[in-house]
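Since every read-out is calculated from the coordinates, none of them should be taken as a lab result. Predicted model, so just to flag it, every value in this text is computed and none were measured. Neighbour counts are summed over all protein chains in view; Cβ atoms, including those assigned to glycine, are modelled from backbone coordinates with ideal geometry.
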Amino acid sequence: MTKRTVEFLFEIGMLKKTPRTGYQFLGSGGESVADHSFRTAVIGYVLASQEPEADRSKVVLMCLFHDFPEARTGDHNYVNKRYVKTDEERAVRDQVRGLVFGDEIMYLFGEFNSCDTLEARLAKDADQLDLILELKEQLDSGNPNAEEWLSYAVQRLVTESGNKIAQEILTTHSTEWWFDKKTDWWVNGSGNQHKGE
């Protein structure tokens, strides 16, 4: 059983080497599937924290697990999906065969894709919100194509909390968290005012 677990962990490491392919059409940016899954999980935690009835741990796990099949199938963007059909359920089933925790991964993967529960809807929105954040960063960096992509991504959101965060993303420059223009730091390297103080 230990060997099988280690094999699984090596396989999941492939997600760090698997690129998200939509950027080739956007014309700028880039990330791995693992990069995407990390921030998606944090976004899922944030969304679930705003919903008292949501199981926060379940949302975070769904966000972490939702792209596991891409270690075997690769990432398929919206253009690819018009022509290529992947059997993600089979990929996950093969990935987790022989693992003591495999049934839980299969269950959460299925729940995420069915989108029938509050937790699945929050996890789906977290997935889209990560894309929306990426697109806003690309727009702020000068890629005009990102603006149109943003409008479609926002339309995929299904929860009220997801939509609220998206609206805030659209009106916040991606550098505001660190680029405090109210100090003279950027001119002469001094000043006592910092973000958050």
How many residues does the range 1-21 hold that are among the polar types (S, T, N, Q), assigned to a helix (DSSP H, G or I) and either surrounded by 12 or more Cβ atoms within 10 Å (Cβ to Cβ) or touching a strand residue (DSSP E or B) at 6+ places or on another chain (Cβ under 7 Å) (or both)?
1
In the range 58-68, what residues are within 12 Å of Leu122 (Cα to Cα) and free of Cβ contacts under 8 Å to residues at least 40 places away in the same chain?
Val60
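Would you point out which residue out of Arg39, Arg93, Arg97 is among the basic types (Lys, Arg), exposed (fewer than 13 other Cβ atoms within 10 Å of the Cβ) and in contact with a helix residue (DSSP H, G or I) (Cβ under 9 Å, 6 or more places away or on another chain)?
The match here is Arg97.
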Give the residues of the range 120-135 that are under 13 Å from Ser37 (Cα atoms) and either in contact with a Leu (Cβ under 7 Å, 6 or more places away or on another chain) or polar (S, T, N, Q) (or both), sorted by residue number.
Asp125, Ala126, Gln128
The condition from (1) in contact (Cβ under 8 Å) with a residue 40 or more places away in the chain; (2) more than 17 Å from the chain's Cα centre (by Cα) that Leu108 misses is numbered (2)
Return the residue satisfying two criteria in turn: it lies in the range 79-125 and is of a type in the set (Lys, Arg) and part of a helix (DSSP H, G or I), and of such residues it is farthest from Gly44 (Cα to Cα).
Arg82
